[in-house]
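Reviewing the structure listed below.
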Amino acid sequence: MRATALPGCLELRPPCMEDERGRFVKVFNRDSYIELGLDTEFREEYYSSSRQGVIRGLHFQVPPAEHTKLVYCVEGTVQDVVVDLRAGSPSFGKHAVVELSADAANMLYIPAGLAHGFCVLSERATMVYKVTSQYSAENDKGILWNSVGIDWAVGNPILSTRDRSHPRLEDFDTPFRFSAEGRT
């Protein structure tokens, strides 16, 4: 486990076993997460497949459907980014960047109140997301990918129409509040 610059956001390195057949990775162990004080009540799981140069994000859900995320890359490599949207946080408006890859088998634990996005560095990448709340279209929001000062790995990314239309960080009225435990 490695803490990022954002309180409560952690890079995790799960147990990996390798032999001549390949690799086996234990992504989730409830008891281990509880020992670390992490949320273990995941409600949904998704994956996305994207090509090189794609940026997805910066996404989150607002209350009452906010959620913690656990994200990891099972194919390829991504530049993964989180932005602190929690009012009162010592890192409010700041971001952290972690390279996630299938080879490294690392993961990012993202508490509620952080926006999440990534840029695909490899030819293709498949990302898995475990979340602690169910998808809610009315609570699904984002901030503009280039409004936070992130040094993205690509200058002219492939973006969805939705991701091009999110408000800038400075125009976003955050409903998230920071607590000493790093949770909203």
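We did not get these values from a lab; they are worked out from the coordinates using the rules stated. Predicted, not measured: the structure shown is a model, and the values here were computed from it. Ideal geometry is used to build each Cβ from the backbone, glycine not excepted, and the neighbour counts take in all protein chains shown.
Key figures for this structure:
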{"item": "Full-extension gain in nm, Arg177 to Ser165, via 0.36 nm per residue minus C-alpha separation", "result": "1.9 nm"}
{"item": "Nitroxide proxy distance, nm - points 7 Å out along Cα→Cβ at Glu35 and Tyr47", "result": "2.8"}
{"item": "Most mobile of Glu99, Glu170, Glu35 in a GNM of the chain (Cα contacts under 10 Å)", "result": "Glu35"}
{"item": "Furthest towards positive pole of dipole, Phe176, His166, Met127, structure part the chain, Cβ charges", "result": "His166"}
{"item": "Region 1-150 - charge dipole about Cα centre, Lys and Arg +1 at Cβ, Asp and Glu -1, debye rounded to 20", "result": "240"}
{"item": "Ranked Thr161, Thr77, criterion: other C-beta atoms within 10 Å, fewest first", "result": "Thr161, Thr77"}
{"item": "Highest-MSF residue in the chain out of Leu100, Leu144, Leu85 [GNM, Cα springs under 10 Å]", "result": "Leu144"}
{"item": "Cα-based Rg of region 63-184 normalised by 2.2 N^0.38 Å, two decimals", "result": "1.04"}
{"item": "Length-normalised contact order of the chain in % [C-alpha pairs under 8 Å, at least 6 apart]", "result": "30"}
{"item": "Cα gyration tensor of region 1-105 - equivalent ellipsoid semi-axes, whole Å, descending", "result": "25, 18, 14"}
